[in-house]
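Enquirer: One structure is given below, represented as structure tokens, and several questions about it will come after.
Values in this text are rule-based calculations from the coordinates and carry no lab data. The shown structure was predicted, so the numbers you read here are calculated from the model rather than taken from an experiment. Note: ideal-geometry Cβ built from the backbone for every residue, glycine included; neighbour counts use all protein chains shown.
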Amino acid sequence: MNFCRLACIIAAALAAGSVAAAPFQNGSFEQGSAPACNTFNIPSGSTIITGWTVSVGNIDWESAPACGWQPSNGTHSLDLVGTGGIGGVQQTFDTVPGTTYQVTFDLSGNYGALPVVKPLAVTINGVTTNFTFDTTGRSALNMGWTTHSVQFTATGASSTIDFVSDVSALGGPLNAGAALDNVQIAPVGAVATLAVPLGHAHYAAMLLIALAAIGVYWRRARR
């Protein structure tokens with residue numbers, strides 16, 4: 001094995017270990033490029049909410065207290081149906097294969113139009129769990145936020161979560177879906193089957209070890 005080949009193998013191994021998605025972020029929808037007040041009918045494919053992509057239909061980005069209902073956390077939340085009866089958001093984030101994670105989120109609903117009971121489908125890596133929220137008696141200052149949770153076991157270095165509210169079965173230009181806020185994702189203590197992704201300090205140490213190994217190999221080869 002010549003020097004160049006050895007160096008290429010080590011470089012490739014280091015590069016492969018450093019590939020990762022972004023950590024989960026902005027679970028309360030506080031960050032992004034939008035005016036301070038409500039932003040309506042954000043279309044599919046939009047990424048103006050930091051970390052999130054509108055996955056289907058369109059959504060409304062609610063701001064409180066002057067412009068919208070009271071969120072469960074911070075100053076912003078989502079109405080997952082902007083207009084047309086369906087909308088959703090998704091995010092892809094770092095996970096460690098073999099580790100079990102718990103997702104928690106706060107659920108309410110847009111009380112201003114039918115249906116009274118708002119559906120929410122939470123899909124993680126292709127597996128869907130369904131939830132509902134009854135908006136009877138709710139108002140801007142009485143949203144009745146409820147906390148729900150779901151667990152999943154990661155099978156790869158990244159996972160995707162998708163929140164979708166679909167009220168299109170009623171027909172017409174429906175614009176009131178499930179409301180979402182305060183999404184949090186954390187491991188619940190399962191033992192990972194692969195090593196935790198390494199930080200920059202670990203990669204620096206690995207690089208130094210690799211360079212030292214190359215130096216030893218090169219000196220021996222010259223003898």
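Enquirer: Most exposed first by the Cβ proxy, i.e. fewest other Cβ within 10 Å, how do 29, 24 rank? Could the numbers behind the result be given before it?
Expert: On the way: 29 26, 24 20.
Ordered from fewest to most neighbouring Cβ atoms within 10 Å, 29, 24 come out as 24, 29.
Enquirer: Starting at the first residue of region 165-181, write each ³J(HN,Hα) from the Karplus equation 6.51 cos²θ - 1.76 cosθ + 1.60 with θ = phi - 60°, in whole Hz, x for Gly and Pro.
Expert: 10, 10, 10, 5, 4, 6, x, x, x, 5, 9, 9, x, 5, 9, 10, 7
Enquirer: If you don't mind, another one. Could you pull the Cα extents of region 21-195 along its three principal axes, largest to smallest, in whole Å?
Expert: If we take the Cα atoms of region 21-195, the spans are 48, 31, 27 Å.
Enquirer: For region 54-96, list residues with backbone N below 15 Å from a point placed 7 Å from the Cα of residue 157 toward its Cβ?
Expert: Inside the label zone: 93-96.
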